[in-house]
Every structure is written in structure tokens, then in C-alpha cells.
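K.L.:
Structure provided below as C-alpha cells; questions to follow.
The values are calculated or read from the model by the stated rules, or taken from the named source; none is laboratory data. Please read these numbers as outputs of a predicted model, since none were measured by experiment. Here the Cβ positions follow ideal geometry from the backbone for every residue, glycine too, while neighbour counts run over all protein chains shown.
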Amino acid sequence: MVIAVDGPAASGKGTLARRLSAHYGLPYLDTGLLYRMVARAMLEAGHDLRDVAAAGDVVSRFDEGAFAEEALRGREIGEAASVVAAMPAVRSGLVERQRRFAAQAGGAVLDGRDIGTVICPDAPAKLFVTATPEVRAARRQKELAGRGESATFDGILADIRRRDARDSGRSDAPLKAAEDAVILDTSALTIEEALAAAIAIVERRRATAQSLLTER
Ligand code: DC
């Protein structure tokens, strides 16, 4: 079974996707890391982030092991990833890798912005995880503090709003809920409550998929 988890920055989708993968024993791919890797490689090579030719070149020589995850998690790389992710050459260069991951026997959990709409449109279970910008900013501030990166709440909130506008406003695979996704607003939920709600959604979808199969 493929579980697609989409949503805006700091919505809690990564935590939920990771917990779902542990619950169901499925491999997990954080697709945001792929865009973060491209952004990091662009910055390290001294390229302008909007240089389409350079981005295409970086993606064609994509090396998944080039950076440790820790080096990709910072605030600056998240912002840079959102810029490179708007380029069709970058998106198309990363599609196959994501689809291959999703096609593993038994299934997988993938999280990102376009998993339910573009990467795995046939996924039986799709969640669109959201929370208010203020709740997301508070969560992001806590996460950054945990890694020793300090930033003001207002600065983070402004980042989040800018990132939402860019991720939702781009023409290629914008951030949006698939028509058959279930929206899960985690603003007032603890991680455990959000996980229970997510599992309930997946179980409902699984039961529906199963009954369609037996009807055939
Ligand atoms: O999920 P994240 O914050 O690590 O993602 C970083 C950026 O990468 C995000 O702002 C937009 C882009 N992204 C994307 O366009 N499509 C995805 N499937 C995942 C991430």
C-alpha cells in the first residue's frame, strides 16, 4: 500500500509520515530532502539558485549520498529548496526516483507537496496535513531551537508564509490537496492524536480499496 502525505512546511507531515511508516512497517521517503540536496549542491557550487541550466546539470548528476541529513535541515536550505523546486527541470529530474521508491513491493510512505497529485496519483491512501501558520511557526521554532538554531517567531512566521505562497503559487506541481485526499488539520492535536487520526484515515481507505478488489 502506498501512503501519500502532503502538506505545507512545518505542518507535522514529516513526523506523521515517519510514524505511519513505523506503524505499517513500510519504507519512508522524505521527498523534501531531494529538493534540499539540489539546493545545497547549487549553493556549494556557487550557482545562482534561479539558474535553470545549472539546476538541470546538478539534477542530472544527482547523488543521494552527497550530504548528511543534518546538513540539509537548516532554515536557509529549506528556503533555497523551495526556490529550486519551482523549476520544471528540477521536478522532472526527480520524478522517476520518487516513483521507483513508491513502487517497492509492499508499498511505501512518501511525504512532500505533490505526492498525491503528481508522483503517486493512484495511491489508495492520501493525507493532506495542515495546521495554522502560527502553530506551524511555533513548531518550527521549537525544532530549530532543538538544533541550536535560534530565530524569532515573527521571522519564522514570515518564512512560512513566503514558502506557502511560493510552493502553492508555482505552475508546475503546486502544493495542493489531491481531490481524493483527506485533509487532516493538526493545529489542535498532539502527535499521538494526529497519528491516531491518520491511521483511521488509512484504515478506511484500505477497507475501501479491499472491498473494490473483492467486488471485481
Ligand atoms: O518538506 P520540506 O520543507 O523539506 O521541503 C523543502 C522544499 O522543497 C519545499 O518548500 C518545497 C519543495 N518540495 C517540493 O516542491 N515538492 C516536494 N514533494 C517536497 C518538497
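K.L.:
Condition first: farther than 21 Å from ALA80 by Cβ and of a type in the set (S, T, N, Q). Can you find one or more residues in region 103-123 that meet it?
P.N.:
yes
K.L.:
Can you name the residue in region 177-199 that is of a type in the set (Gly, Ala, Ser) and within 15 Å of ALA17 (Cα to Cα) and, of all such residues, is farthest from the ligand (Cβ to nearest atom)?
P.N.:
ALA196
K.L.:
Which condition does ARG206 not pass, out of (1) within 12 Å of the ligand (Cβ to nearest atom); (2) over 15 Å from ASP111 (Cβ atoms); (3) in a helix (DSSP H, G or I), if it passes all the others?
P.N.:
Going through (1) within 12 Å of the ligand (Cβ to nearest atom); (2) over 15 Å from ASP111 (Cβ atoms); (3) in a helix (DSSP H, G or I) one by one, ARG206 breaks only (1).
K.L.:
Can you name every residue in region 1-10 that is closer than 16 Å to LEU184 by Cβ and either more than 9 Å from the ligand (Cβ to nearest atom) or assigned to a strand (DSSP E or B) (or both)?
P.N.:
ILE3, ALA4, VAL5, ASP6, listed by residue number.
K.L.:
Restricting the search to region 76-94, which residues are in a helix (DSSP H, G or I) and near the ligand (Cβ under 10 Å from one of its atoms)? First the steps, then the outcome.
P.N.:
Step one: of region 76-94, the residues in a helix (DSSP H, G or I) are 76-84, 88-94.
Of everything in region 76-94, those that are in a helix (DSSP H, G or I) and near the ligand (Cβ under 10 Å from one of its atoms) turn out to be ILE77, GLY78, GLU79, ALA80, ALA81, SER82, VAL83, VAL84, VAL90, ARG91, LEU94.
K.L.:
I need a count of the residues in region 141-187 that are part of a loop (DSSP other than H, G, I, E, B) and under 27 Å from VAL90 (Cα atoms).
P.N.:
12
K.L.:
Here is a check on your reading of the model: is LEU110 buried (at least 18 other Cβ atoms within 10 Å of the Cβ) and either modelled with pLDDT of 95 or more or within 21 Å of GLY32 (Cα to Cα) (or both)?
P.N.:
Working: buried (at least 18 other Cβ atoms within 10 Å of the Cβ): yes; either modelled with pLDDT of 95 or more or within 21 Å of GLY32 (Cα to Cα) (or both): yes.
So LEU110 passes the test.
K.L.:
State yes or no: is ALA55 in contact with an Asp or Glu (Cβ under 6 Å, 6 or more places away or on another chain) and surrounded by 19 or more Cβ atoms within 10 Å (Cβ to Cβ)?
P.N.:
no
Results for (1) among the small types (Gly, Ala, Ser); (2) away from the ligand (no atom under 14 Å from the Cβ); (3) more than 18 Å from the chain's Cα centre (by Cα), shown as yes or no for each residue.
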| position | (1), (2), (3) |
| --- | --- |
| GLU134 | no, yes, yes |
| GLN141 | no, yes, yes |
| GLY148 | yes, yes, yes |
| ASP154 | no, yes, yes |
| ALA158 | yes, yes, yes |
| SER168 | yes, no, no |
| ASP172 | no, no, no |
| LEU175 | no, no, no |
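K.L.:
Here is a further query. Read through the list (1) within 12 Å of the ligand (Cβ to nearest atom); (2) at positive phi, then give the number of the only condition that GLY107 fails.
P.N.:
Failing condition for GLY107: (1).
K.L.:
Report, by residue number, each residue of region 28-47 that is assigned to a strand (DSSP E or B) and either within 7 Å of the ligand (Cβ to nearest atom) or among the acidic types (Asp, Glu) (or both).
P.N.:
Taking region 28-47 and keeping what is assigned to a strand (DSSP E or B), we get 28-30.
Matches in region 28-47: ASP30 only.
K.L.:
Okay, next question. Residues ALA85, ALA102: which one is surrounded by 13 or more Cβ atoms within 10 Å (Cβ to Cβ), within 25 Å of SER171 (Cβ to Cβ), out of contact with any Cys (no Cβ under 7 Å at 6 or more places or on another chain) and touching a residue at least 60 places away in the same chain (Cβ under 8 Å)?
P.N.:
On inspection, the qualifying residue turns out to be ALA85.
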